[in-house]
Amino acid sequence: MNMRFTAFLKLLGLMVSTLLALCSFSLGVENFSNLPPCPGSRITDALVDSSGILWASTQGEGLFYLELDKKVWKKAGTAADFPDTENFYALAEDAQGRIWVGTDRWGVCIWNGKQWKTYTRKTTLPGGRVFDISVSSATGDVAVATLGRHCYLFTFDGFMEGCHAGRWLA
């Protein structure tokens with residue numbers, strides 16, 4: 001196995017362990033060893049949302065969530081309003097409690113608790129693959145980083161391009 005890949009897997013394991021430790025502290029879960037393992041083995045990101053649901057995005061295996069009180073992993077995005085992909089790379093929760101999920105070529109999907117809304121090249125978001133999603137604690141704005149060295153800022157009016165190749169645009 002490639003040395004860099006092995007180091008990455010160790011780092012990912014440490015990140016997941018740290019996340020689980022933080023979850024146990026903030027959610028009052030005493031023992032995460034009692035939770036079932038995630039069905040996805042290639043986890044790219046993890047998130048515990050404000051309602052206590054543990055989300056796991058994976059490469060090639062889909063998007064999963066675990067309601068901690070039920071201890072059963074479920075695959076998200078089986079509805080018709082979800083993109084046709086198994087590759088997910090970034091997770092974030094905004095100030096309204098919506099879950100943002102970055103995909104490989106379908107842009108970003110947003111779960112509002114009832115249905116999915118997807119922003120793609122065809123609708124609003126020019127970049128396809130989403131590498132990262134970040135939410136401002138001050139303003140609640142959501143920044144989405146996509147392939148092609150683009151960053152997009154989501155406001156309630158839609159996406160606005162914020163930077164390209166390291167230069168902020170007006």
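The values are calculated or read from the model by the stated rules, or taken from the named source; none is laboratory data. None of these values were measured; they are calculated from a predicted model. Please note: Cβ atoms are built from the backbone with ideal geometry, for glycine as well, and neighbour counts cover all protein chains shown. The accessibility values were calculated without ligands, DNA or RNA, using every heavy atom of the protein model including side chains. Shrake-Rupley method; radii C 1.70, N 1.55, O 1.52, S 1.80 Å.
Where residues in region 99-118 are in contact (Cβ under 8 Å) with a residue 12 or more places away in the chain and not in a strand (DSSP E or B), which of them is surrounded by the most Cβ atoms within 10 Å (Cβ to Cβ)? Across region 99-118, the extreme among qualifying residues is GLY107. Looking across region 57-74, the residues that are within 19 Å of ARG42 (Cβ to Cβ) and part of a strand (DSSP E or B) come down to SER57, THR58, LEU63, PHE64, TYR65, LEU66, TRP73, LYS74. Confirm whether PHE154 is part of a strand (DSSP E or B), modelled with pLDDT under 75 and within 26 Å of ALA56 (Cβ to Cβ). Yes, satisfied. GLY77 satisfies every condition listed in (1) under 30 Å from ASN34 (Cβ atoms); (2) assigned to a loop (DSSP other than H, G, I, E, B); (3) open to solvent by 30 Å² or more (accessible area, probe 1.4 Å) except (3).
A residue that is open to solvent by less than 40 Å² (accessible area, probe 1.4 Å), of a type in the set (Val, Ile, Thr) and not in a loop (DSSP other than H, G, I, E, B) occurs nowhere in region 81-89.
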